[in-house]
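Written out below as structure tokens is the structure these notes cover.
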Amino acid sequence: MTRQDGLMDLDELLFAEEEEENVSSDDAVLEQDPWIVLIVDDEKQVHQVTKMVLQDFEFDGRKLELHSAYSAAEAKQVLQQQPNAALVLLDVVMEQEDAGLQIVKYIREEMKNTAIRIILRTGQPGQAPERTVIMEYDINDYKEKTELTTQKLFTTVVTALRSYRDLKTIEKSRSGLEEIIKSSATLFELQSMKKFASGVLTQMTSIVNLHKNALHCSFAVTKGVEDIYILAASGDYASNQDERARDVVPAHVLEEIEQAFQTKKSCFAPDRFVIYFQSKMGMENVIYMNGFKELSEWERYLIDIYCTNVSVAFENIYLNEELESTQQEIIYTMGEITETRSRETGHHVKRVAEYSRLLALKYGLSEQEAEIIRLASPMHDVGKVGIPDAILNKPGALTIEEFEIMKTHSNLGYEMLKHSNKQVLNAAAIIAQQHHERFDGTGYPQGLSGESIHLYGRITAVADVFDALCSDRVYKKAWELDRVLDLLKTERGRHFDPVVVDLFLDHLDEFLAIKEHYKEQR
């Protein structure tokens, strides 16, 4: 077979290989992502000639990486090792008359690989008639070996790779859009700004399927009144939440982040991007990512779509945080009004709130539920607004009649709060009513016992009594810590849930740290 009629013969191939050895290695071009092509044929000469013809082949800026298999069994092994193969040049008749056709079924049915392009090459067309094969097997082209001249092989490979590339682009586009839908849904579930920011970094990388290198870093930062602070970061910087960006972020990265805040614009470069967000409330955030290969137009489009959702989510979280902050201030204010009216310590409600949250976490409740208890527990004595001053602020012991009136504050608080459909106020209603119940059933107002007392009430009871005993009140001086701890131990299983008491004592240092942080200013 001559150069004009078909593939080079073996003598020409060997001569060309000798000439190739004389070419300077300086002319070699290394490609990081070559097209992977598998040659499956039981004739060694076919492999040699095909490789020689395609040795300088390049399509879309990428060279070929050629792999050989000489039987169906070897082909399966190579396919497993090269799942991203773009093209297989497949002989029909090898160790069996239909060995090649069995490989086709293996690729499409067992590997579920619909992207790889399959070109059948046969020297015995009578063994596998073209019409039958095309109709019954999912192949992309059918060639007799005598047809594949050098130029026709080149054309066939280009056509196949172009088809593979376009299919992968469509697949990537579909996957990217699916990621946006899934990611957006996940992000809208995140109510913590820090968790949200971390989720944005993770999902943004996933959406565009970026390949990180050793120099990759990403940051989500927010602009405070006086400085820029880290909300979330990746890799070596992941533990730097809440720190000032200028203390952590590399200087060249910080410069680009500051530029985004100054110009209030996003910026894309070949290996990085800086995305700027501003909420309607004026809060400003920036997402920075670098260390990636240049983004395609489609990847930038995906990021634009995703960032639209991120922007809405940022806005929702800020609004939610503002609402929660306002709600929290109202709750604390109501609790402090009660404490002030009864001439008690100013930080009592804050300490009870923090004690209750920590106890909830130690008990094994989620962060979300512990936060609900923290917000609700300051309302535990809100019913005292309905107790007469003469009883509420009496410096001495109450009479039996006065004590019965005092006890009504539990139900008064419950009645005030029970009508709300808000989760925090519902929890506050339970706490207001049940924080004076006793584990042995001798408490009030309902005489509940054991686990029939809501856990919120059992937790707040320990927090409230501990802080009340440690603080000055109109009718007593603060107890010494040892005396308070002795009482907790004595009342374990009587007044208090033994599990909650044990958790408090086992982690006493953490509770004392809260006590010190919110100590009264003399």
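Would you point out which residue out of Q241, Q259 is touching a strand residue (DSSP E or B) at 6+ places or on another chain (Cβ under 8 Å), without any contact (Cβ under 8 Å) to a residue 40 or more places away in the chain and either in a loop (DSSP other than H, G, I, E, B) or on the phi < 0 side of the Ramachandran plot (or both)?
So the residue among Q241, Q259 that is touching a strand residue (DSSP E or B) at 6+ places or on another chain (Cβ under 8 Å), without any contact (Cβ under 8 Å) to a residue 40 or more places away in the chain and either in a loop (DSSP other than H, G, I, E, B) or on the phi < 0 side of the Ramachandran plot (or both) is Q259.
Which residues, counting only those in region 369-393, are under 11 Å from V352 (Cα atoms) and open to solvent by 20 Å² or more (accessible area, probe 1.4 Å)?
R374
Can you tell me which residues in region 465-522 are touching a strand residue (DSSP E or B) at 6+ places or on another chain (Cβ under 8 Å) and acidic (D, E)?
Once the filter is applied, which keeps residues that are touching a strand residue (DSSP E or B) at 6+ places or on another chain (Cβ under 8 Å) and acidic (D, E), region 465-522 yields only D502.
Taking the options S410, S452, S471, name whichever one is free of Cβ contacts under 8 Å to residues at least 12 places away in the same chain and either of a type in the set (G, A, S) or crowded, with 20+ Cβ neighbours inside 10 Å (or both).
Of the residues listed, the single one that is free of Cβ contacts under 8 Å to residues at least 12 places away in the same chain and either of a type in the set (G, A, S) or crowded, with 20+ Cβ neighbours inside 10 Å (or both) is S452.
Scan region 279-299 for residues that are outside any helix (DSSP H, G or I) and either surrounded by 16 or more Cβ atoms within 10 Å (Cβ to Cβ) or modelled with pLDDT of 85 or more (or both) and report the count.
Here is the first cut: in region 279-299, the residues outside any helix (DSSP H, G or I) are 279-296.
Restricting the remaining residues to those that are either surrounded by 16 or more Cβ atoms within 10 Å (Cβ to Cβ) or modelled with pLDDT of 85 or more (or both) gives 279, 283-292, 295.
Here the count works out to 12.
Does S366 fit the bill of being polar (S, T, N, Q), at pLDDT 90 or above and more than 30 Å from G282 (Cα to Cα)?
yes
Would you mention how many residues in region 289-318 are closer than 27 Å to R165 by Cα and of a type in the set (S, T, Y)?
Number of matching residues: 3.
Considering only helices (runs of 4 or more DSSP H) fully contained in region 405-522, which possess at least 2 residues that are among the acidic types (D, E)?
Once the helices (runs of 4 or more DSSP H) in region 405-522 are filtered for at least 2 residues that are among the acidic types (D, E), what remains is 455-470, 481-490, 498-506, 508-517.
Restricted to region 369-407, and to residues that are basic (K, R) and modelled with pLDDT of 85 or more, which residue is nearest to E516 (Cα to Cα)? Spell out the reasoning first.
Step one: filter region 369-407 for residues basic (K, R), giving 374, 384, 394, 407.
Remaining after also requiring modelled with pLDDT of 85 or more: 374, 384, 407.
Values: R374: 18, K384: 27, K407: 30 Å.
Filtering region 369-407 for residues that are basic (K, R) and modelled with pLDDT of 85 or more, the one nearest to E516 (Cα to Cα) comes out as R374.
Of all residues in region 47-87, which are in contact with a His (Cβ under 7 Å, 6 or more places away or on another chain) and not polar (S, T, N, Q)?
Our first condition is that a residue be in contact with a His (Cβ under 7 Å, 6 or more places away or on another chain); within region 47-87, this holds for 68, 78, 82.
Hit for region 47-87 is V78, nothing else.
Among the residues of region 417-449, what is the count of those that are open to solvent by less than 40 Å² (accessible area, probe 1.4 Å) and among the β-branched types (V, I, T)?
Of the residues in region 417-449, 2 are open to solvent by less than 40 Å² (accessible area, probe 1.4 Å) and among the β-branched types (V, I, T).
Test I303 against the criterion of being in contact with a strand residue (DSSP E or B) (Cβ under 8 Å, 6 or more places away or on another chain), at pLDDT 70 or above and open to solvent by less than 70 Å² (accessible area, probe 1.4 Å), and give yes or no.
yes
The values are calculated or read from the model by the stated rules, or taken from the named source; none is laboratory data. Because the structure is a prediction, the values reported are computed rather than measured. Please note: Cβ atoms are built from the backbone with ideal geometry, for glycine as well, and neighbour counts cover all protein chains shown. Side chains are part of the model used for accessible areas, which takes the heavy atoms of the whole protein and leaves out ligands, DNA and RNA. Shrake-Rupley method; radii C 1.70, N 1.55, O 1.52, S 1.80 Å.
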